[in-house]
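**Q** Quick one: the structure is below, questions incoming.
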Amino acid sequence: MQYLQMFGACYCYVLLRAFQQRNVAFDNYAWVVPTSYFMAGADVFIIAFIASHGWHFWLVIANATGACLGALSAMYAHKRWVK
C-alpha cells in the first residue's frame, strides 16, 4: 500500500509542477496561486512519508513511475483545458 501512496503522491506532485511550468510559460496568472498551494501540500506529504517510512528501492520506482505519468498527464490536461 505504501508504494501505491508514493506513486499517487508523486504523480500528483509532478503533474502540478509540470502544470505550473506551463502556466508560467503561457502567462496563465489565475492558475498560479492555487497550483502553488496544491504543490506545497504534495511536497510536504512526500517529505513526511519518506521521513516516516524510510528509503526503499521500490519507493524510488513508484516515485519515478508516478512522476513520468504525472508529467505526461499535465501536458495533456493543460493543452486540452487551459485556454
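Each value in this text was obtained by applying a stated rule to the coordinates, not by laboratory testing. All values reported here derive from a predicted model rather than from experimental measurement. Neighbour counts are summed over all protein chains in view; Cβ atoms, including those assigned to glycine, are modelled from backbone coordinates with ideal geometry.
**Q** What are the chymotrypsin sites (Phe, Trp or Tyr not before Pro) within region 15-63 that DSSP puts in a loop, where the Cβ has at most 16 other Cβ atoms within 10 Å?
**A** Filter output for region 15-63: PHE26, TRP55.
**Q** Would you work out if region 17-83 is rounded, prolate or oblate? Take a ≥ b ≥ c from the square roots of the eigenvalues of the alpha-carbon gyration tensor; rounded if a/c is under 1.5, else prolate when a/b is larger than b/c, oblate otherwise.
**A** Judged from the Cα gyration tensor, region 17-83 comes out oblate (a/c at least 1.5, b/c at or above a/b).
**Q** Another one. Could you compute the net charge surrounding VAL32? Neighbours are other residues with a C-beta less than 15 Å from the C-beta of VAL32; K and R count +1, D and E count -1.
**A** On the way: positive: ARG17, ARG22; negative: ASP27.
Overall, the nearby charge balance is +1.
**Q** May I ask you to compute the full-extension gain from ILE47 to ARG80, defined as 0.36 nm times their residue separation minus their alpha-carbon distance, rounded to one decimal in nm? Mind dumping the intermediate values first?
**A** Working: separation 33, 0.36 × 33 = 11.88 nm, distance 3.10 nm.
Full-extension gain reported as 8.8 nm.
**Q** Hey, can you list the DSSP H helices of the chain whose Cα span along the axis is 24 Å or longer and whose average Kyte-Doolittle score is at least 0.5?
**A** Taking the DSSP H segments of the chain (at least 24 Å long, mean hydropathy at least 0.5), we get 29-53, 57-81.
**Q** Okay, next question. Please give the Cα centre distance for region 1-57 versus region 61-82, rounded to the nearest Å.
**A** 11 Å
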